[in-house]
């Protein structure tokens, strides 16, 4: 099945990319969630226009991405959460929690889909989280999970 991505899908592509996927994956996951639309000539022309505009923005944003990366790497983000006596959390820290904590700590507004946690954070302490600022720039943010 040939699809045009409308959102970034990890390990598949960025918005505007034309991808070939299995029918079930496209029909049952990508299209219902709004991550992709079926490929057609009209849709391809529309997406080409969007890709050109995005490329102009990306070239301009690369220098800005380097600034954001240095700003993120210089800061230590504290995230207060509910935890038990042993230091285990009630649940886990989500990427939305991390994005909100970065913003409330005085950092830039970060899209939650660009945050990579790796292993789920389920304990108090210091953790390293990767933020993909740009295709060519990513920042490692130090996250201090503290009891609320």
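The values are calculated or read from the model by the stated rules, or taken from the named source; none is laboratory data. As the structure is a computational prediction, the values presented were derived from the model and not from experiment. Cβ atoms come from the backbone with ideal geometry, glycine included; neighbour counts cover every protein chain shown.
Out of the range 116-136, which residues are surrounded by 19 or more Cβ atoms within 10 Å (Cβ to Cβ) and within 14 Å of the chain's Cα centre (by Cα)?
Those that are surrounded by 19 or more Cβ atoms within 10 Å (Cβ to Cβ) and within 14 Å of the chain's Cα centre (by Cα): 129, 131, 132, 133.
Please go through the range 101-115 and give me each residue that is at pLDDT 90 or above and either crowded, with 18+ Cβ neighbours inside 10 Å or in contact with a helix residue (DSSP H, G or I) (Cβ under 9 Å, 6 or more places away or on another chain) (or both), ordered by number.
Listed by number, the residues that qualify are 101, 102, 115.
Would you pick out the residues in the range 4-60 that are assigned to a helix (DSSP H, G or I), loosely packed, with under 13 Cβ neighbours inside 10 Å and either touching a helix residue (DSSP H, G or I) at 6+ places or on another chain (Cβ under 9 Å) or at pLDDT 90 or above (or both)?
Across the range 4-60, the qualifying residues are 23, 24, 28.
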